[in-house]
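Worksheet: one structure, shown below.
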Amino acid sequence: MGKMSAKNKIIILLIVWIMSGALMLGYFFKILDGQNLQTLNDMGQERLTLAVLQAEDQSFKEAQSDLQKLAREPKQPADFFSSDITLVKELVILENMQPKYGVQMTLSGVSGTINNLPSAPTASPIVVVPYSISLSGSLGQVVNFLEALENAPFVTDINGLSVSVGGQNSVNLNLAANFYLLK
């Protein structure tokens, strides 16, 4: 082999350069592009995580602020008890729950006067007004009624509860509970 001319050297170098460029474009850049796509996906996931954490942080700060506001507003336990000796508000709420939840309800046992009702074992002058409810409806309706009773705007204490099978697709529920009145 003799000396290569400069023209041949340039042609060979150009061919090697084109082949290495094609190899880079065809193989190595695809690997790098795949890594870039994975990095972009990871960055998107991290941004979502950051947004969730920022929302949780904001919610936590708002909850702390709300708790500090509540701590400055002293609530007395007596504020949770009705002083309406006729229990009109409580009875209306119970009676309105009947059609709302689609149950048949019978309310009984609310009797007596504030002077002859037993006192609750508290330091405040609170009396206990016993009552009972009989319900009939589907299991879902009865459970929804009980949940609403649990979250009613008055204090009630359930002393006893019995559930039995009623007619077709229905259950019967009897419960004994107490209202609490501020004397």
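So for the stretch 143-157 (the condition being more than 27 Å from the chain's Cα centre (by Cα) and polar (S, T, N, Q)), does at least one residue qualify? The answer is no, given that none of the residues of the stretch 143-157 is more than 27 Å from the chain's Cα centre (by Cα) and polar (S, T, N, Q). Within the stretch 140-156, is even one residue touching a residue at least 12 places away in the same chain (Cβ under 8 Å) and part of a strand (DSSP E or B)? Taking every residue of the stretch 140-156 in turn, at least one turns out to be touching a residue at least 12 places away in the same chain (Cβ under 8 Å) and part of a strand (DSSP E or B). Only one of the numbered conditions (1) hydrophobic (A, V, I, L, M, F, W, C); (2) within 22 Å of residue 183 (Cβ to Cβ); (3) modelled with pLDDT of 80 or more is not met by residue 80, and that is (3). Got at least one residue in the stretch 50-73 being over 26 Å from the mean Cα position of the chain (by Cα), exposed (fewer than 10 other Cβ atoms within 10 Å of the Cβ) and assigned to a helix (DSSP H, G or I)? Yes, the stretch 50-73 contains a residue that is over 26 Å from the mean Cα position of the chain (by Cα), exposed (fewer than 10 other Cβ atoms within 10 Å of the Cβ) and assigned to a helix (DSSP H, G or I). Tallying residues that are under 22 Å from residue 100 (Cβ atoms) and in a strand (DSSP E or B) within the stretch 158-183 yields 10.
The values are calculated or read from the model by the stated rules, or taken from the named source; none is laboratory data. Nothing here was measured: the structure is a model prediction, and the numbers come from that model. When we count neighbours, we look across all protein chains shown, and the Cβ atoms used for this are built from the backbone with ideal geometry, even at glycine.
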